[in-house]
Amino acid sequence: MTSISSPFPLFRLPHVVLSEVFNSTTPDEIIRISLCSKKATRVIKYTSSKWKKRKDLELILQGTQPSVVQYEEISLLSVSHISEVEDQRQLVNWKIGESIVPVDTSNMVTYWADKLKGVRSVMEYVMDIFNSEIEDFYITENATSSEIHYIFQWMAKIKTVFSVCFLKCNNVTTDDLNFFLRNIQFNKIVCLEGRLPKTYRYQRNSFWTFPRGLVNLDNGLWMRMSHLLTMNCRMITVSYVSFTNKEINFFLKKWQAGEACPLLNYLHFGFTKLLNLEEVVEGLDGVKVPDDIIREYKIFPDKNISLPGGYDIKRNDGTMASVCTETPPELSITRLKIAVWPELVY
């Protein structure tokens, strides 16, 4: 005789026990449970767990592919246009925010008539469940200009300091880029990849002065010395800069006097021309390092870079920096490296 098991009354468990149950689940399972009913949403929202109030939520904004809200690298909910539905049999109607939308339960893709509304609704739903902000944004090369405009406007309205932004600039407009630089701040990493709009002209703002860990720019042709002098971050990597030997020398003198980039640990510039290192360090009382001496410098826990020869200079407080150049034979660029000692401690 077969027995039929009765449903387990999960939400009748004491709060402390329920909290431990949620601690043993994964973030994507938390989302699936929350979508089962209004009661499930309410109970999860007001039950403490180790997943809440942590800075681990991310948005990957994509145009031709579903946009994804993640918890670290765990996909929670994706957003696609309703026209992208392939298999109706997998769809279940669930309420997300104020909308009831079809969801593919095999991969947790939600389908919306208005994809931008879907992105906003999913972000706000996930933030509400985990009681945490989305702080990391990855805006891919196929995100449309309208999607980029929308997400910039949403971020500005949140009025918070975010953590990370990787922005592919292929489809960003000049107006939206300037809006981004005027109204949105990040305290860890900012990477602007790809060519900026041809019409782009830098407008004065405080974006670069905000303390952060890393600024990475694919194309720095627009960059002027006034921007570099106000950058307040630990690592700066910029390709295709147009600074002259004398301009880099001026920057180093400002750094040496304690008047520029006080947080700097490592700077890497890519030039399309040869640099004269002697002219770069002129008047800095640099100590020549033999060309055959190659030192290792740790920029990430799992990554070292080499510093061939060059010069060592000292700031007015005794802090030492190594300045060197590299010209790889396979590339038509010269790399300028400035590494401040001691190395970063992770």
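Can you say whether V119 is in contact (Cβ under 8 Å) with a residue 40 or more places away in the chain, open to solvent by less than 20 Å² (accessible area, probe 1.4 Å) and not in a strand (DSSP E or B), as far as the supplied structure shows? Yes; evaluated as a whole, the condition is true for this residue.
Pairing each residue of region 170-195 that is modelled with pLDDT under 90 with any residue that is in a helix (DSSP H, G or I) and open to solvent by 40 Å² or more (accessible area, probe 1.4 Å), provided the two are 6+ apart or on different chains, yields C-beta distances under 7 Å for G194/N170.
Within region 182-199, does at least one residue satisfy the condition of being more than 20 Å from T230 (Cα to Cα) and outside any loop (DSSP other than H, G, I, E, B)? Yes, the conditions are met somewhere in region 182-199.
Considering region 255-273, and only residues there that are without any contact (Cβ under 8 Å) to a residue 60 or more places away in the chain and over 24 Å from Q185 (Cβ atoms), the residue that is surrounded by the most Cβ atoms within 10 Å (Cβ to Cβ) turns out to be G258.
Yes/no matrix, rows are residues, columns are (1) closer than 22 Å to L214 by Cβ; (2) open to solvent by 40 Å² or more (accessible area, probe 1.4 Å); (3) among the small types (G, A, S):
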position	(1), (2), (3)
V281	no, no, no
L284	no, no, no
K288	no, yes, no
S306	yes, no, yes
Y311	no, no, no
G318	no, yes, yes
S332	no, yes, yes
A339	yes, no, yes
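Checking the structure you have, find out if any residue of region 95-105 is open to solvent by less than 60 Å² (accessible area, probe 1.4 Å), in contact with a Lys or Arg (Cβ under 9 Å, 6 or more places away or on another chain) and either assigned to a loop (DSSP other than H, G, I, E, B) or touching a residue at least 24 places away in the same chain (Cβ under 8 Å) (or both). Among the residues of region 95-105, at least one is open to solvent by less than 60 Å² (accessible area, probe 1.4 Å), in contact with a Lys or Arg (Cβ under 9 Å, 6 or more places away or on another chain) and either assigned to a loop (DSSP other than H, G, I, E, B) or touching a residue at least 24 places away in the same chain (Cβ under 8 Å) (or both), which makes the answer yes.
Only one of the numbered conditions (1) modelled with pLDDT of 70 or more; (2) of a type outside the set (D, E, K, R); (3) open to solvent by 70 Å² or more (accessible area, probe 1.4 Å) is not met by T2, and that is (1). Applying the condition of being β-branched (V, I, T) and under 19 Å from G213 (Cβ atoms) to region 140-180 and asking which residue is surrounded by the fewest Cβ atoms within 10 Å (Cβ to Cβ) yields T160.
For region 43-70, which positions are in a loop (DSSP other than H, G, I, E, B) and among the basic types (K, R)? Of everything in region 43-70, those that are in a loop (DSSP other than H, G, I, E, B) and among the basic types (K, R) turn out to be K50, K52, K53, R54, K55. Name the residue that is surrounded by the most Cβ atoms within 10 Å (Cβ to Cβ), counting only residues in region 29-87 that are free of Cβ contacts under 8 Å to residues at least 24 places away in the same chain and of a type in the set (V, I, T). Applying the filter and picking the extreme gives V68.
Can you tell me which of (1) more than 14 Å from the chain's Cα centre (by Cα); (2) closer than 22 Å to Q62 by Cβ; (3) of a type outside the set (A, V, I, L, M, F, W, C) is the one R182 doesn't meet? For R182, the failing item is (2).
For region 167-200, the set of residues classified as among the β-branched types (V, I, T) and closer than 17 Å to V238 by Cα consists of I189, V190, listed by residue number. Y297 - would you say it is assigned to a strand (DSSP E or B) and open to solvent by less than 50 Å² (accessible area, probe 1.4 Å)? Considered against the rule, which asks whether it is assigned to a strand (DSSP E or B) and open to solvent by less than 50 Å² (accessible area, probe 1.4 Å), Y297 comes out as yes.
Got a number for residues in region 200-231 being small (G, A, S), within 19 Å of F243 (Cβ to Cβ) and either part of a strand (DSSP E or B) or open to solvent by less than 40 Å² (accessible area, probe 1.4 Å) (or both)? Qualifying residue count for the region: 1.
The values are calculated or read from the model by the stated rules, or taken from the named source; none is laboratory data. As the structure is a prediction and not an experimental result, all values here were calculated from the model. Note: ideal-geometry Cβ built from the backbone for every residue, glycine included; neighbour counts use all protein chains shown. Just the protein is used for accessible areas: all its heavy atoms, side chains included, with ligands, DNA and RNA removed. Shrake-Rupley method; radii C 1.70, N 1.55, O 1.52, S 1.80 Å.
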